[in-house]
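One structure is given below, encoded as structure tokens.
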Amino acid sequence: MAMAYEMENTFEDGVTSDYAQAVTTARIATYDDFRSAPRVTEISPCRTNEYIENLASTIYTQAQQAGGTIPYTVIREVSENFIHAQFKEIVVSIFDRGNTIRFADQGPGIEEKEKAQLPGFSSATSPMKRYIRGVGSGLPLVKEYLSFSHGRISIEDNMHSGAVVTVSVAPDHEPTHSASSYPTHRNPEATPPIPAIRLDDREASIALLIHENGAMRLTDIYKTLDMPQSSTYRVLSKMKEAGIVDKDGKMFTLTDEGKRSLESIS
């Protein structure tokens, strides 16, 4: 009976008690317009790190295909934030030609919406910190990115429970997301420094390899790391879009932001 209760409780929460496994299906709805039904993609339950990666990658790909320019880093950070909602009833809506993405859940919600957008405020528990930084930097990073992309973030209560986080950028505006593009005249005491971009295991492996060699071709990277070519290309594309790597001809190099991200995990 105790085991049956544990399983029932786990399913209701949307994640196992140790946060190692997401056990509910997330849905992504992509709208061409609001006069027709959206295309719906489902993200199946799996291990938490893979679940977050699948969710963020699919959202990013579909938004890009619709013509959007919201950076992968923004999408990844908000996707990671679903862990606070125990991944309950995730619905992500993509519209405005990919330039607006709405992330909704039915978790406990975000009570202190203003503080959630400031560095250092966090409700992350120890089990969660195996999969996210858990230092209160996610939504502040998103807000900082969007402020330089003529974009915005809003946080609202969902219908009965949970939170709705909406991020958007101005159509036809190319976001600026590399560290080198931030104004240098800002008062460092007025605005906290932007956190280094968090690298997952594959991104860290690629970044370290490029750093050690100075510059590398796609072929050399996937052969050295024994990764599928398509997966390597997809990861590199995200890293380039996030300002972690740069490409000159066929050669990939690590940017200053990429070096900073690498140093943050060393």
In region 216-241, which residues are acidic (Asp, Glu) and under 19 Å from Tyr60 (Cα atoms)? Glu241
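Could you list, in sequence order, all residues of region 146-162 that are modelled with pLDDT of 85 or more and either among the small types (Gly, Ala, Ser) or out of contact with any Leu (no Cβ under 7 Å at 6 or more places or on another chain) (or both)? It would help to see each step written out before you state the result.
In the first step, residues of region 146-162 are kept if they are modelled with pLDDT of 85 or more; the result is 146, 151-162.
Once the filter is applied, which keeps residues that are modelled with pLDDT of 85 or more and either among the small types (Gly, Ala, Ser) or out of contact with any Leu (no Cβ under 7 Å at 6 or more places or on another chain) (or both), region 146-162 yields Leu146, Gly151, Ser154, Ile155, Glu156, Asp157, Asn158, Met159, His160, Ser161, Gly162.
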Identify all residues within region 38-60 that are free of Cβ contacts under 8 Å to residues at least 12 places away in the same chain and crowded, with 16+ Cβ neighbours inside 10 Å; write none if there are none. Asn54
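Among the listed residues Val23, Val74, Val78, Val91, identify the single one that is in contact with an Asp or Glu (Cβ under 9 Å, 6 or more places away or on another chain), among the aliphatic types (A, V, I, L, M) and closer than 18 Å to Val167 by Cα.
Val91
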Candidate set: region 115-145, residues that are within 28 Å of Ala29 (Cβ to Cβ) and charged (D, E, K, R); chosen: the one modelled with the highest pLDDT: Lys143
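Hey, among the residues in region 235-266 that are small (Gly, Ala, Ser) and within 17 Å of Pro71 (Cβ to Cβ), which one's surrounded by the most Cβ atoms within 10 Å (Cβ to Cβ)?
Our first condition is that a residue be small (Gly, Ala, Ser); within region 235-266, this holds for 237, 242-243, 249, 258, 261, 264, 266.
When the remaining residues are screened for being within 17 Å of Pro71 (Cβ to Cβ), the result is 237, 242-243, 258, 261.
Numbers: Ser237: 16, Ala242: 23, Gly243: 23, Gly258: 28, Ser261: 24.
Result: Gly258.
Determine if region 163-180 includes at least one residue that is modelled with pLDDT under 85 and part of a helix (DSSP H, G or I).
Let us first name the residues in region 163-180 that are modelled with pLDDT under 85, namely 170-180.
Subsequent filtering for residues that are part of a helix (DSSP H, G or I) retains 179-180.
Scanning region 163-180 turns up at least one residue that is modelled with pLDDT under 85 and part of a helix (DSSP H, G or I).
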So Thr69 passes all but one of these: (1) surrounded by fewer than 24 Cβ atoms within 10 Å (Cβ to Cβ); (2) assigned to a helix (DSSP H, G or I); (3) touching a strand residue (DSSP E or B) at 6+ places or on another chain (Cβ under 9 Å). Which condition number does it fail? (2)
Among the numbered criteria (1) part of a loop (DSSP other than H, G, I, E, B); (2) within 28 Å of Glu257 (Cβ to Cβ); (3) of a type outside the set (Lys, Arg), which single criterion is violated by His160? (2)
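The values are calculated or read from the model by the stated rules, or taken from the named source; none is laboratory data. Worth saying up front: this structure is predicted, and the values here are computed from it rather than measured. Here the Cβ is made from the backbone with ideal geometry for all residues, glycine too, and neighbour counts use every protein chain on show.
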